[in-house]
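A.B. asks: Have a look at this one before I ask anything.
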Amino acid sequence: MTATYADLFDDAGLQAAFRRLDALTPATQPQWGQMNVSAMLAHLNVAYEMLYETKHKRPNALLRFLLRAFLKNKVVGPAPYARNTPTAPQFKIADSRDFAVERDRLIAYMRRMHGEGRARFEGRESASFGPLTANEWNVMFSKHLDHHLTQFGV
């Protein structure tokens, strides 16, 4: 099964994603999984932190090779994630997070990516997967967002 994901480089796609985010509240409950809504938003922010910040350690050469060989196509390909898919340690949110802060951070990251535009992402290096096409970057972020918004019923 494959899916089509919102184009976060496109104004309409970005606005559609924001409408879904606006449907969340601090009390929104997951339909599966263990994260609360604030932790889920923080979890989504980790992918952008890996792109824009230096707070997460870059995988070593062997791990990057393994990630490209065995995980890249699952992350940037069109097939949706299965429910309760295991996550990398840096994506696990162990502490309490503020809903509004995490939502606002996510929106700011999404606006930044959108503002930089598709051309800026064509061939851009991913710390985990090497160079990606702009479409692969979009699928990676949009599919992850869709997976977790669906998890929370929006």
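A.B. asks: If contacts are Cα pairs under 8 angstrom and at least 6 residues apart, what is the relative contact order of the chain in percent? Display every interim value, and only then the final one.
C.D. replies: Details: 174 pairs, mean separation 63.0, N = 154.
Relative contact order, the chain: 41 percent.
A.B. asks: Along the stretch 119-129, what does the Karplus equation 6.51 cos²θ - 1.76 cosθ + 1.60 (θ = phi - 60°) give for ³J(HN,Hα), rounded to whole Hz, x for Gly and Pro?
C.D. replies: Karplus values, whole Hz, x for Gly and Pro: 4, 5, 9, 5, x, 5, 6, 9, 4, 9, 10.
A.B. asks: Per residue of the stretch 46-56, in order, report the coupling 6.51 cos²θ - 1.76 cosθ + 1.60 (Karplus, θ = phi - 60°) as ³J(HN,Hα) in whole Hz, putting x for Gly and Pro.
C.D. replies: 4, 4, 6, 4, 5, 7, 9, 10, 10, 7, 10
A.B. asks: Got a sec? Charge dipole of the stretch 11-151, +1 on Cβ for Lys and Arg, -1 for Asp and Glu; which of 100, 71, 82 is way out at the positive end?
C.D. replies: In the stretch 11-151, that residue is 71.
A.B. asks: Here is a further query. Loop-only GluC sites (Glu not before Pro) in the stretch 21-116, please: DSSP not H, G, I, E or B, and at most 16 other Cβ atoms within 10 Å. Don't skip to the answer; put the middle values down first.
C.D. replies: On the way: sites: 49, 53, 102, 116; in loops: 53.
Sites meeting the loop and neighbour criteria: 53.
A.B. asks: Another one. So, with +1 on the Cβ of K and R and -1 on the Cβ of D and E, and no other charges, what is the size of the charge dipole of the chain about its Cα centre, to the nearest 20 debye? Present the calculation step by step, with values, prior to reporting the outcome.
C.D. replies: Working: 20 positive and 15 negative charges, 94 e Å.
Around 460 debye, computed over the chain.
A.B. asks: If each residue of separation counts as 0.36 nm, what is the full-extension length gain between residue 88 and residue 111 once their alpha-carbon separation is subtracted? Let's see the in-between values first.
C.D. replies: Working: separation 23, 0.36 × 23 = 8.28 nm, distance 2.50 nm.
Extending this stretch completely gives an extra 5.8 nm.
A.B. asks: Ranking request for peptides 81-92, 29-40, 142-153: highest mean number of other beta-carbon atoms within 10 Å first, then the rest in descending order. Don't skip to the answer; put the middle values down first.
C.D. replies: Working: 81-92: 11.9, 29-40: 15.7, 142-153: 18.4.
By packing density, highest mean first, the sequence is 142-153, 29-40, 81-92.
A.B. asks: Can you bin every Cα-Cα distance in the stretch 11-151 into 10 Å intervals starting at zero and give me the percent of pairs per bin, rounded to whole numbers?
C.D. replies: 11, 43, 38, 9, 0
A.B. asks: Sum -39500 (n - 2.57) across every DSSP H segment of at least 4 residues in the chain, then divide by the residue count to get the 222 nm mean residue ellipticity, nearest 500. Before the final figure, lay out each step's value.
C.D. replies: Numbers: 6 runs with 84 residues, N = 154.
Estimated from H runs of four or more residues: -17500 deg cm²/dmol.
A.B. asks: Now for a separate question. Explain nothing, just compute: Karplus ³J(HN,Hα) = 6.51 cos²θ - 1.76 cosθ + 1.60, θ = phi - 60°, for every residue of the stretch 109-117 in order, whole Hz, x for Gly and Pro.
C.D. replies: 4, 5, 5, 4, 4, 4, x, 5, x
The numbers here are math on the coordinates, done by the rules we state, and not lab data. It should be emphasised that the depicted structure is a prediction, and the values quoted were computed from it without experimental measurement. Note that each Cβ is placed from the backbone with ideal geometry, even for glycine, and that neighbours are counted across all protein chains shown.
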